[in-house]
Amino acid sequence: MGAGLLLLGDSRLPAGGYAHSGGLENAVLRGEVHDLDTLTEFLLGKLYGTGAVQAAFAAVAALTAGPYTMPEVAPWAELDAELDARTAAAPARAASRAQGRSLRRVAKAAWPTEPWAALGVSPHHAIVLGAAATRARLDEREAAVLAATNVVNGPASAAVKLLSFDPISVTVVLAEMAGHCDQVAEEAADAARTVFADGDWERLPCWSSVGLDVCAELHVHEEVVHFAS
Amino acid sequence: MHLDHTPGNGGTHTHTPPAPAVPGSRPLRIGIGGPVGSGKTALVAALCRVLADRFSLAVVTNDIYTTEDADFLRAAGVLAADRIAAVQTGCCPHTAVRDDISGNLDAVEDLAAAHPDLDLVIIESGGDNLTMTFSRGLADVQMFVIDVSGGDKVPRKGGPGVTRSDLLVINKTDIAPQIGADLAVMDRDAARMRPGTPVAFLSLRESPGADVVTAWVLDQITAWQAGTAVPVAAPTPLSSTAGSAAG
Ligand SMILES: Nc1nc2c(ncn2[C@@H]2O[C@H](COP(=O)(O)OP(=O)(O)OP(=O)(O)O)[C@@H](O)[C@H]2O)c(=O)[nH]1
Ligand SMILES: [Mg+2]
């Protein structure tokens, strides 16, 4: 563990994350999230659902990028298609790709000699995150930690803005969440290692959160929204 | 896997910071910032009306939670709809144009890809406060639009928007008498807060073509396209300024 984890985990990283609420805004509009208990439930559901998938893809992307110079030829397209298939809602796919595009821009500026073009113009966020993690000298478990914490931190800070929660209380929720994030990341990294050994990408975790898919779909039809997703 | 060794590119300090855009090598990007309701969108519409038949233009808006500004510009018919893009700002209009410009960069890149002949992209910020400025990574030049309705004290309150913008526009001079705002005081304070940088008094009611601002924008386009605009220096990476970190 090193400073690279803090670099890529910093919410101020200029990679577009601040504009996304990860479905939280719509859950608030529907009245599903309205206090700290319902926020905690939302975050747990998100973490053990899509969070586990994001973490596994970040981990397998880290393994694919490898600790040295990133390979020119790598199964980025296969991973991209697998994550697409696991992201049912089209707006959620678009949000993931928008954030991936922004993160790739940052990564390309920070590590300009790496073959970022191979990931595509708008790759999924988790995949760029995993690749960038290795450039920041992190391993696959740490890449998974980044992805898992990202899944809960974004909605939590959106909740502070949308519901005027006490930021200290929300930090208490996030502190509870940290152990869960570590657990999800550990399991995701294990799964990624197993799959990476034989390249059988279909066996990557495929959890989903139907409620979040619904939120993502409904969000694009709202007239007044603060967050892009 | 444990990465206690030095990965390939982490050890060699060959970082090249992103080079500043060479003037003329891509469309000029002008930022228009300022408080809520000061007349930013009205000014964008005026500039489009005056400049659209001489230059290839596009606009990016940063509404806080609707697409009001983009909708207004589309409805006003000053530009084709596919030359107007709206960025969502996650409750933070200043973040979108200053601290994390990625959404705006995406919009600018997409517009440039769709319209390869673009000369100018105007980026309107969401209405914010006097501390708002555009990142130099997003806007090559920027203007800050305030109006007289907040009273004649606003310029002397300063803030980066007032002091650091390339042009300060003081709009709605037509209603100064009703507000009781003294334009001479605003002029004097503005000159003191931003010595040597221009201030333009404007009334879009009386000057629908925003003549003074249009003239300034034309100067910027000319300088940019002639390659004489001074690019803002890119940050120097720490590794090549070792020893100066204490400063
Ligand atoms: N009297 C007067 N009204 C003006 C002038 N310029 C703009 N307005 C009016 O001021 C109001 C706000 O103008 P906008 O252009 O929407 O202001 P804005 O800065 O884009 O506002 P936000 O995007 O909401 O921050 C509108 O009703 C305009 O018609 C002016 O010079 N004089
Ligand atoms: Mg406006």
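The values are calculated or read from the model by the stated rules, or taken from the named source; none is laboratory data. The model shown is predicted, which means the values in this text are computed figures rather than measured ones. Reconstructed Cβ throughout: ideal geometry from the backbone, glycine too, with neighbour counts over all protein chains shown. Accessible surface is based on the protein model in full, side chains and every heavy atom, while ligands, DNA and RNA are left aside. Shrake-Rupley method; radii C 1.70, N 1.55, O 1.52, S 1.80 Å.
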Accessible-area order for A:R135, B:R54, largest to smallest, probe 1.4 angstrom, reads B:R54, A:R135
Sort out for me the Cα centre separation of the range A:14-30 from the range B:68-87, rounded to whole Å.
-> 25
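Residues of A:221-229, mean number of Cβ from any other protein chain within 10 Å of their own Cβ, rounded to a whole number?
Values: counts 0, 1, 3, 5, 5, 8, 5, 5, 2.
The per-residue average across the peptide is 4.
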Go through the range B:192-201 residue by residue and turn each phi into a ³J(HN,Hα) via Karplus (6.51, -1.76, 1.60, θ = phi - 60°); whole Hz please, and just put x for glycine and proline.
-> 6, 6, 9, x, x, 10, x, 10, 10, 8
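Between B:A52 and A:L29, take the C-beta separation as r, use R0 = 41 Å, and let me know the FRET efficiency to the nearest 0.05. Display every interim value, and only then the final one.
On the way: r = 38 Å, r/R0 = 0.93.
Here the calculated transfer efficiency is 0.60.
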Enumerate the amide H contacts of B:D147 below 5 Å, restricted to partners 5 or more residues apart or on another chain; note that Pro and chain-start residues carry no placed amide H.
-> B:N171
Hey, if you put +1 on the Cβ of every Lys and Arg and -1 on every Asp and Glu Cβ in the range A:1-133, which of A:F57, A:A15, A:H125 ends up farthest toward the positive end of that dipole?
-> A:A15
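Other chains' Cβ within 10 Å of A:11-17 residues: what's the mean? Show your work: numbers first, answer last.
Numbers: counts 1, 3, 2, 9, 2, 9, 3.
Average per residue, whole number: 4.
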For the range A:21-219, the Cα-Cα pair-distance distribution in 10 Å bins from 0, as whole percents, is 10, 37, 35, 15, 2
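For the protein assembly as shown, what class follows from the C-alpha gyration tensor (a ≥ b ≥ c being the square roots of its eigenvalues): rounded when a/c is under 1.5, otherwise prolate if a/b is larger than b/c, else oblate? Please report the intermediate quantities before stating the final value.
Values: a/c = 2.04, a/b = 1.65, b/c = 1.23.
Cα axes put the protein assembly as shown in the prolate bin.
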Which lysines, on any chain, are close to A:K161 with Cα under 26 Å apart, when same-chain ones fewer than 8 places away are left out?
-> A:K46, B:K40
Apply the Karplus parameterisation 6.51 cos²θ - 1.76 cosθ + 1.60, with θ equal to phi minus 60°, to every residue of the range B:81-95 and state each ³J(HN,Hα) to the nearest whole Hz, in sequence, with x for glycine and proline.
-> 4, 7, 9, 10, 10, 10, 9, 8, 10, x, 6, 9, x, 6, 4
Determine ³J(HN,Hα), in whole Hz, for all residues of the range A:96-105 in sequence, where each value follows from phi through the Karplus function 6.51 cos²θ - 1.76 cosθ + 1.60 and θ = phi - 60°; x replaces Gly and Pro.
-> 5, 6, 4, 6, x, 4, 5, 5, 5, 4
Cross-link reach list, aspartates and glutamates versus B:K153, counting only Cα pairs under 12 Å and skipping chain neighbours closer than eight places = B:D182, B:D187, B:D189
Would you mind pulling out the separation of the Cα centroids of the range A:143-185 and the range B:176-211, in Å?
-> 47
Could you state the principal axis extents of the C-alpha atoms in the range B:24-246, from the largest down, to the nearest angstrom?
-> 53, 50, 37
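With a ≥ b ≥ c taken as the square roots of the eigenvalues of the C-alpha gyration tensor of the range B:56-116, please select rounded if a/c is under 1.5 and otherwise prolate if a/b is larger than b/c or oblate if it is not?
On the way: a/c = 2.90, a/b = 1.27, b/c = 2.28.
Because a/c hits 1.5 or more and a/b fails to exceed b/c, the range B:56-116 counts as oblate.
In the range B:72-175, which trypsin sites (Lys or Arg not before Pro) fall in coil by DSSP and have 12 or fewer other Cβ atoms within 10 Å?
B:K153
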Near the amide H of B:V60, under 5 Å away, which other amide H atoms are found, from residues 5 or more places off or on another chain, if H is placed in the peptide plane?
-> B:A85, B:I122, B:I123, B:E124
Computed on Cα atoms, the radius of gyration and Dmax of the range A:1-114 in angstrom are 16.0, 48
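On average, how many beta carbons from a partner chain sit within 10 Å of the beta carbon of a residue in B:56-63? Numbers along the way, then the final one.
Details: counts 0, 0, 0, 0, 0, 0, 0, 0.
Mean number of neighbouring Cβ atoms from other chains: 0.
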